[in-house]
1. If a residue has to be under 14 Å from the mean Cα position of the chain (by Cα), within 17 Å of Asp51 (Cα to Cα) and not hydroxyl-bearing (Ser, Thr, Tyr) to count, how many in the stretch 74-88 make the cut?
2. Could you tell me how many of the residues in the stretch 23-55 are among the basic types (Lys, Arg) and touching a helix residue (DSSP H, G or I) at 6+ places or on another chain (Cβ under 9 Å)?
3. Can you name the condition, by its number, that Leu45 falls short on among (1) at pLDDT 95 or above; (2) surrounded by 12 or more Cβ atoms within 10 Å (Cβ to Cβ); (3) not in a loop (DSSP other than H, G, I, E, B)?
4. Under 9 Å between Cβ atoms, at least 6 apart or on separate chains: pull out the pairs that start in the stretch 83-105 with a residue that is at negative phi and part of a helix (DSSP H, G or I) and end on any residue that is of a type in the set (Val, Ile, Thr) and surrounded by 15 or more Cβ atoms within 10 Å (Cβ to Cβ).
5. Given (1) exposed (fewer than 14 other Cβ atoms within 10 Å of the Cβ); (2) over 15 Å from Lys37 (Cα atoms), where does Asp51 come up short, assuming only one miss?
6. If you go through the stretch 48-74, how many residues are outside any loop (DSSP other than H, G, I, E, B), over 17 Å from Tyr105 (Cβ atoms) and of a type in the set (S, T, N, Q)?
7. Would you be able to tell me the number of residues in the stretch 42-81 that are among the hydroxyl-bearing types (Ser, Thr, Tyr) and in contact with an Asp or Glu (Cβ under 8 Å, 6 or more places away or on another chain)?
8. Out of the stretch 59-73, which residues are modelled with pLDDT of 95 or more and under 14 Å from the mean Cα position of the chain (by Cα)?
Amino acid sequence: MLWVSLNGKPADRIMLTRGEKPVGELTSFALKKSVKKSKHLLRNLNAWSVDIQVLRLAEAFGCEVVLVHESEENKDYKVRLSEFFGNGVKVDYGFGEQLALPLSYWN
């Protein structure tokens with residue numbers, strides 16, 4: 001189950017968690033997610049993936065962009081949410097349905 005936490009703060013920033021684990025942050029402009037390449041990169045697709053529920057929530061919140069920060073190489077990836085939906089590949093590796101977007105689509 002996906003949880004939304006306002007942490008008693010104004011709703012201009014929403015933290016998303018699955019249980020105790022943070023899965024992203026929503027702002028009025030972007031869905032932000034932090035990853036580690038060695039753990040999160042889908043090697044078979046050379047792609048970053050995001051839970052479809054999270055992407056739909058971002059869309060409903062008015063987000064336009066997905067930002068992924070990869071911490072091992074300190075690299076940032078950016079793509080329009082509409083491009084993620086349009087070019088993403090549905091995958092499910094036992095953590096719920098996700099969309100995976102190959103690195104070639106990211107700026």
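The values are calculated or read from the model by the stated rules, or taken from the named source; none is laboratory data. Keep in mind that this is a model prediction, so the values were computed, not measured. Reconstructed Cβ throughout: ideal geometry from the backbone, glycine too, with neighbour counts over all protein chains shown.
1. 8
2. Of the stretch 23-55, the ones among the basic types (Lys, Arg) are 32-33, 36-37, 39, 43.
Okay, now just the ones that are also touching a helix residue (DSSP H, G or I) at 6+ places or on another chain (Cβ under 9 Å), so 33.
Total meeting the criteria: 1.
3. (3)
4. These pairs meet every condition: Glu83/Val66; Phe84/Val50; Phe84/Val66; Asn87/Val79; Tyr105/Val79.
5. Result: Asp51 passes all but (1).
6. Here the count works out to 1.
7. First, the residues of the stretch 42-81 that are among the hydroxyl-bearing types (Ser, Thr, Tyr): 49, 71, 77.
Within this subset, residues satisfying the condition of being in contact with an Asp or Glu (Cβ under 8 Å, 6 or more places away or on another chain) are 77.
So the answer is 1.
8. Of the stretch 59-73, the ones modelled with pLDDT of 95 or more are 64-73.
Of everything in the stretch 59-73, those that are modelled with pLDDT of 95 or more and under 14 Å from the mean Cα position of the chain (by Cα) turn out to be Glu64, Val65, Val66, Leu67, Val68, His69, Glu70.
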